[in-house]
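Single-structure report; data block below.
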Amino acid sequence: MLVAALGTAAQAQDASLSISVKNHRFEPAELTAPANKPIVLKVKNLDPTPMEFESVTLRVEKVVVGNGEGIVRLRPLSPGRYKFFDDFHQATNGVLVVK
């Protein structure tokens, strides 16, 4: 029981964000998250083709199938601007602002 309670408490502290991709554009193109908290980012691909959520500064890559969803878990981050893009369509980009 204690392990389950600790897991729930830890999840409650995570920042939860959602973003979608439609017509090879992120919606919204800019996300804001609190500093020094783990982030759970839900990526919903509304296009029929796969996309790859990627960021060099966030050190993450995640392929999301067409008309599918994926979860990206990010470590606690310092304040700053973190760029991300779709590696399959590199003109598709956005930024995560951590405050």
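The values are calculated or read from the model by the stated rules, or taken from the named source; none is laboratory data. Worth saying up front: this structure is predicted, and the values here are computed from it rather than measured. Note that each Cβ is placed from the backbone with ideal geometry, even for glycine, and that neighbours are counted across all protein chains shown. Ligands, DNA and RNA are stripped out before the accessible areas are found, and what is left, the full protein with its side chains, is counted by its heavy atoms. Shrake-Rupley method; radii C 1.70, N 1.55, O 1.52, S 1.80 Å.
Helical runs (DSSP H, four residues minimum) scored at -39500 (n - 2.57) apiece and divided by the length of the chain put the mean residue ellipticity at 222 nm at -4000 deg cm²/dmol. Its Cα gyration tensor gives the stretch 15-66 an equivalent ellipsoid; the semi-axes, largest first and in whole Å, are 20, 12, 9.
Full extension of the chain between H89 and V63 gives 8.1 nm of extra length, using 0.36 nm per residue less the Cα-Cα distance.
With a 1.4 Å probe and every protein chain left in place, work out the accessible area per residue of the chain in Å², rounded to a whole number. Spelled out: the 1.4 Å probe surface of the chain, per residue, equals 61 Å². Here K44 is the anchor, and the lysines within straight C-alpha reach of less than 19 Å, apart from those fewer than 8 places off in the same chain, are K22, K62, K83. Each DSSP beta bridge with both residues in the chain is either parallel or antiparallel, and the antiparallel ones are about 70%.
Taking a straight Cα-Cα cut-off under 18 Å and skipping sequence neighbours fewer than 8 places away in the same chain, the aspartates and glutamates within cross-link reach of K37 are D14. Please work out, to two decimal places, the log10 of the ratio I(q)/I(0) at q = 0.15, 0.19, 0.21 Å⁻¹ from a Debye calculation in which every Cα of the chain carries one identical scatterer. The Cα Debye sum returns log10 ratios of -0.58, -0.86, -1.01. Taking the Cβ of H89 as the center, what net charge do the other residues with Cβ under 10 Å away carry, scoring Lys and Arg +1 and Asp and Glu -1? Net of charged neighbours comes to -3.
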